[in-house]
Amino acid sequence: MKKLILSILAACAMISASAQDTADAVQHEVLFETSKGNIRFVLFNETPQHRDAMLKHVNEGFYDGTLFHRVIKNFMIQGGDPKSKNAQPKVLLGEGEDDTMEQIPAEIIYPKFRHKRGALAAAREGDEDNPEFKSSNCQFYFVWGRRCDEGVMLDAYYKNQQVFSKMPEEEWERIKEYYQRNPGTPWLDGTYTVFGEIVEGLDVVEAIQGVATDKNARPEEDITLIKATVVK
């Protein structure tokens with residue numbers, strides 16, 4: 001009888017563990033309703049601190065009413081600055097952080113998560129002020145990018161040599177070929193945390209990419225993130 005009970009308990013434990021693994025494998029999805037259309041994206045479980053910060057901000061309505069305040073053609077669109085909510089036209093956005101918000105330690109999982117078109121990544125301060133590549137607690141960007149020629153890929157290689165030098169040559173060749181065939185921003189790989197990916201709404205990112213901007217890369221017309229919702 002004892003053996004039977006132990007077997008049953010072991011089976012229950014295995015079922016429970018399996019259920020937990022399944023639960024952990026579920027990816028959260030977030031919907032951004034913007035003045036240019038909707039963007040839906042998944043958050044990677046492998047970057048839990050970035051995932052949880054995004055979910056917290058979305059659930060608290062933190063992003064509602066903020067702007068996509070920085071748009072650079074063939075590069076990316078950036079949002080999440082709390083100062084952009086109801087911002088005046090001359091306010092310089094995207095500079096510095098809210099002093100009450102701690103930066104998030106880097107969760108760079110390269111080469112699994114790369115800066116391909118549609119990737120969601122965390123903005124951060126520059127390398128000199130931030131050698132550990134810590135992320136902004138709230139500011140993010142969606143990658144648009146472009147196809148890269150051999151020269152751009154070599155520049156990316158040397159810029160991120162601390163990452164690429166540890167990579168087998170065949171892996172680097174595979175990545176280089178990918179970016180030569182598909183758009184992205186490979187020079188950011190290995191130094192910025194990629195923590196999600198768009199599943200619907202790349203056409204909206206493209207539309208935002210097309211707007212006119214001022215000398216600070218701020219859109220001349222406000223591109224508003226009307227509402228953010230966790231949908232899964």
Review point. Only one residue in MET153, MET167 is of a type in the set (A, V, I, L, M) and under 27 Å from LEU202 (Cα atoms), so which one is that?
Key: MET153
Check your understanding: From PRO186, PRO105, which residue is more than 24 Å from PHE62 (Cβ to Cβ) and either over 12 Å from the mean Cα position of the chain (by Cα) or of a type outside the set (S, T, N, Q) (or both)?
Key -> PRO186
Review point. When residues of region 211-232 are filtered for being part of a loop (DSSP other than H, G, I, E, B) and either of a type in the set (A, V, I, L, M) or open to solvent by 50 Å² or more (accessible area, probe 1.4 Å) (or both), how many remain?
Key: 12
Point to revise | Residues that are among the acidic types (Asp, Glu) and over 26 Å from ILE77 (Cα atoms), drawn from region 139-178 | key: GLU169, GLU170, GLU171, GLU173
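Which of the strands (runs of 3 or more DSSP E) found entirely inside region 39-129 contain at least 2 residues meeting this: at pLDDT 95 or above and open to solvent by 10 Å² or more (accessible area, probe 1.4 Å)?
On the way: elements: 66-72, 76-79, 119-122.
Here the list reads 66-72.
I'd like the full set of residues that are in a loop (DSSP other than H, G, I, E, B) and of a type in the set (Val, Ile, Thr), limited to region 185-202. Steps first, please.
Restricting attention to region 185-202, the residues satisfying the condition of being in a loop (DSSP other than H, G, I, E, B) are 185, 189-193, 201.
Residues satisfying the conditions are THR185, THR191, THR193.
Residues in region 154-174 that are in a helix (DSSP H, G or I) and farther than 17 Å from TYR192 by Cα: how many?
Just the residues of region 154-174 that are in a helix (DSSP H, G or I), to begin with: 154-159, 161-164, 169-174.
Filter once more, so that each one left must be farther than 17 Å from TYR192 by Cα: 154, 169-174.
Residues flagged as in a helix (DSSP H, G or I) and farther than 17 Å from TYR192 by Cα within region 154-174 amount to 7.
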Practice item. Test VAL205 against the stated conditions and say whether it is assigned to a helix (DSSP H, G or I), over 16 Å from GLN103 (Cα atoms) and in contact with a strand residue (DSSP E or B) (Cβ under 6 Å, 6 or more places away or on another chain). Key: yes
Review point. Is it the case that region 162-178 has a residue that's touching a residue at least 60 places away in the same chain (Cβ under 8 Å) and in contact with a His (Cβ under 7 Å, 6 or more places away or on another chain)?
Key: no
Practice item. Could you tell me whether any residue of region 141-150 is in a helix (DSSP H, G or I) and either open to solvent by 10 Å² or more (accessible area, probe 1.4 Å) or of a type in the set (S, T, N, Q) (or both)? Key: yes
Exercise for review: Inspect all residues belonging to region 200-210 and state whether any of them is surrounded by fewer than 18 Cβ atoms within 10 Å (Cβ to Cβ) and touching an Asp or Glu at 6+ places or on another chain (Cβ under 7 Å).
Suggested key: no
Review point. Scanning for something in contact with a His (Cβ under 8 Å, 6 or more places away or on another chain), within 26 Å of PHE68 (Cα to Cα) and aliphatic (A, V, I, L, M), does region 202-215 turn up at least one residue?
Key: no
Point to revise | Number of the condition not met by LEU6 [criteria: (1) modelled with pLDDT of 60 or more; (2) more than 15 Å from the chain's Cα centre (by Cα); (3) surrounded by 10 or more Cβ atoms within 10 Å (Cβ to Cβ); (4) among the hydrophobic types (A, V, I, L, M, F, W, C)] | key: (1)
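The values are calculated or read from the model by the stated rules, or taken from the named source; none is laboratory data. Remember, it's a predicted structure, so these values are computed and weren't measured experimentally. Every residue, glycine as well, gets a Cβ built from its backbone with ideal geometry; the counts of neighbours run over all protein chains shown. Surface areas here come from the heavy atoms of the whole protein model, side chains and all, with no ligands, DNA or RNA. Shrake-Rupley method; radii C 1.70, N 1.55, O 1.52, S 1.80 Å.
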